[in-house]
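For reference, the structure discussed in these notes is given below.
The values are calculated or read from the model by the stated rules, or taken from the named source; none is laboratory data. Every value quoted in this text rests on a predicted model; they were computed, and no experiment measured them. Note that we place each Cβ from the backbone using ideal geometry, even for glycine, and neighbour counts take in every protein chain shown. To get the accessible areas, we keep the full protein, side chains included, count just its heavy atoms, and leave off ligands, DNA and RNA. Shrake-Rupley method; radii C 1.70, N 1.55, O 1.52, S 1.80 Å.
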Amino acid sequence: MIEVIDLHKSLNGTEVLKGITFKVVKGEILALIGKSGHGKSVLLKHIVGLIRAERGKVLINGEDISQSRGPAREQLRKKIGFLFQGGALFDSINVFDNVAFPLREKTRLKRDEIRERVLFELAQVGLSEVEGKFPAELSGGMKKRVALARCLIMDPEIMLFDEPTTGLDPATAKSINNLIRETHERLKFTGIIITHDIYQIFSIVQKIAVLNEGRIELIGTPTEIKTSEDPFVKQFFLKGDDHHEKI
Amino acid sequence: MVNLIQRLGNFVIANVEKLGKTGVFLGTAIFWTFIPPLKIGRIIKQISFIGVKSSFIVILTGSFTGMVLTLQTYYGMEKFGAEALLGPTVALALIRELGPVLSALMITGRAGSAIAAEIGIMRITEQIDALEVMALNPYRYLIVPNILAGIITFPLLASIFNVVGILGGYLVGVQLLGVSQGAYFGEMVNFLGVKDITIGLYKSLSFGLIVTWISCYQGFTTSYGAEGVSKATTGAVVTSSVLVLVWDYFMTSVLF
């Protein structure tokens, strides 16, 4: 379970997060939506402990990751998978080695077992044939799939997705969203997904939080958000409709 | 006037802060050097990258440095009839000073910039964040192997530089200018002490630390975008080169 309590953060003198509070219960996915530059990625990086909070707490299964250090933080991070916006694959090693990397570094599995697990995860994301390729040889969608396989190989309890479909064509974006849905149905992880694909995520997530200028404007089920009378949310969805129609 | 003082103050504070961060970075890297396990595979890879791949440029510059040094020294010594001391003069200059400094500057240009660029690109493409999220320490994987590889390879490359330089000097001094082979090498043995060699090796070792430390730091703290990587590589080469020369003076004055 993820619980964010009264989170504050300033970057370069500007207050980016102004007291964020929300909770994601076990097995649920929350979508975090909002305009670009309003602190969504900063918030996600707090949840994984990449950025230290000025005030407030980020509880992962009851333990505060924002104040943890050393082995305690490592233990918390082992529970979390993070899909970066660009995939963040290591470009000096091939796809197989990228996916195998956490297993080689964090487990004592034998070579054959690692190979079996890596090939299984690559098959799950629909990329059985690319194990020998380097990240530079892959398309944007393929990179995201490989990065997802690398996250999933350690069986995380929590998955964080930072704009998994940004920069992809609509068909590839849809396939990535479907992959997230299928993976969630299979593994039942707790998750947070930052996205601009408002309509595509309705069927994936159980809750949506709307972030506006460093604060949570509204949080609720997809239906509640869609029918909300909040002016900011209405305006946000209106723009989403325009965008959707253009697509 | 107040504005000028304020700007000067901000400049000083910013630079002191940067100096402090650079020191903390080195302290953290040294701490992780002593926390096992060391990433032996990555250390060997970096030894190959910094050392083996820099050997050609070091041999090339070493040979020409030895040759030109011999020419210039011969020109001066001939006036006093001291050509017999050509060998030890060239060897002392190379082993105590030119070998460590020039090889360090050459490696800075070739490997220091590449280290800063590689780590900088890893920073802006979130690969370093990915390591952290996997509960893996980036110092252990990226910084420590580079620093250890620098400490190992710089003295070796400086030694190669010295040997090649002395041989280059032999070509010019003995083969072209007619100094006797016995005088060139014989006097060298008489005048060179173990201390001269150890001073040179200590210098190279410290240059190895300086260049890899600064290059890693510049890459690790790269700001976002292509401009950030460009600034990091330039900063790595310029700062490392200046520090090598400044530190060289201090070491020479202390170890003289």
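Every residue in region A:91-111 that is open to solvent by less than 10 Å² (accessible area, probe 1.4 Å) and within 8 Å of chain B (Cβ to nearest Cβ), please. Even if it seems obvious, please write down each step before you answer.
At the first step, the residues of region A:91-111 found to be open to solvent by less than 10 Å² (accessible area, probe 1.4 Å) are A:95, A:98-100, A:102-103.
Hit for region A:91-111 is A:PRO102, nothing else.
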| request: Identify, from the list A:GLY87, A:GLY49, the residue that is within 10 Å of chain B (Cβ to nearest Cβ), surrounded by 15 or more Cβ atoms within 10 Å (Cβ to Cβ), touching a residue at least 60 places away in the same chain (Cβ under 8 Å) and outside any strand (DSSP E or B). | output: A:GLY87
| said: Return the residues of region B:171-198 that are touching a helix residue (DSSP H, G or I) at 6+ places or on another chain (Cβ under 6 Å), open to solvent by less than 50 Å² (accessible area, probe 1.4 Å) and of a type outside the set (D, E, K, R); say none if nothing qualifies. | reply: B:VAL172, B:GLY173, B:VAL174, B:VAL179, B:ALA183, B:TYR184, B:MET188, B:LEU192
| message | Consider region B:122-132. How many of its residues are open to solvent by 10 Å² or more (accessible area, probe 1.4 Å) and either more than 10 Å from every other protein chain (Cβ to nearest Cβ) or free of Cβ contacts under 8 Å to residues at least 60 places away in the same chain (or both)? | response | 5
| query | Would region A:192-215 turn up any residue that is more than 24 Å from A:ILE60 (Cα to Cα), open to solvent by less than 40 Å² (accessible area, probe 1.4 Å), part of a helix (DSSP H, G or I) and outside the structural domain of A:GLU116 (by TED's automatic domain parsing)? | reply | no
| message | Condition first: more than 10 Å from chain B (Cβ to nearest Cβ) and touching a helix residue (DSSP H, G or I) at 6+ places or on another chain (Cβ under 9 Å). Now tell me which residues in region A:68-82 satisfy that. | response | A:SER68
| message | Show the residue pairs meeting these rules: Cβ distance below 7 Å; 6+ apart or different chains; first residue within region B:79-106 and assigned to a helix (DSSP H, G or I) and open to solvent by less than 10 Å² (accessible area, probe 1.4 Å); second residue among the aliphatic types (A, V, I, L, M) and modelled with pLDDT under 95. | response | B:LEU86/B:MET77; B:LEU86/B:VAL179; B:GLY87/B:ALA183; B:GLY87/B:MET188; B:PRO88/B:MET188; B:PRO88/B:LEU192; B:ALA91/B:MET188; B:ALA91/B:LEU192
| Within region A:147-188, how many residues are in contact (Cβ under 8 Å) with a residue 60 or more places away in the chain, within 13 Å of chain B (Cβ to nearest Cβ) and in a loop (DSSP other than H, G, I, E, B)? | 3
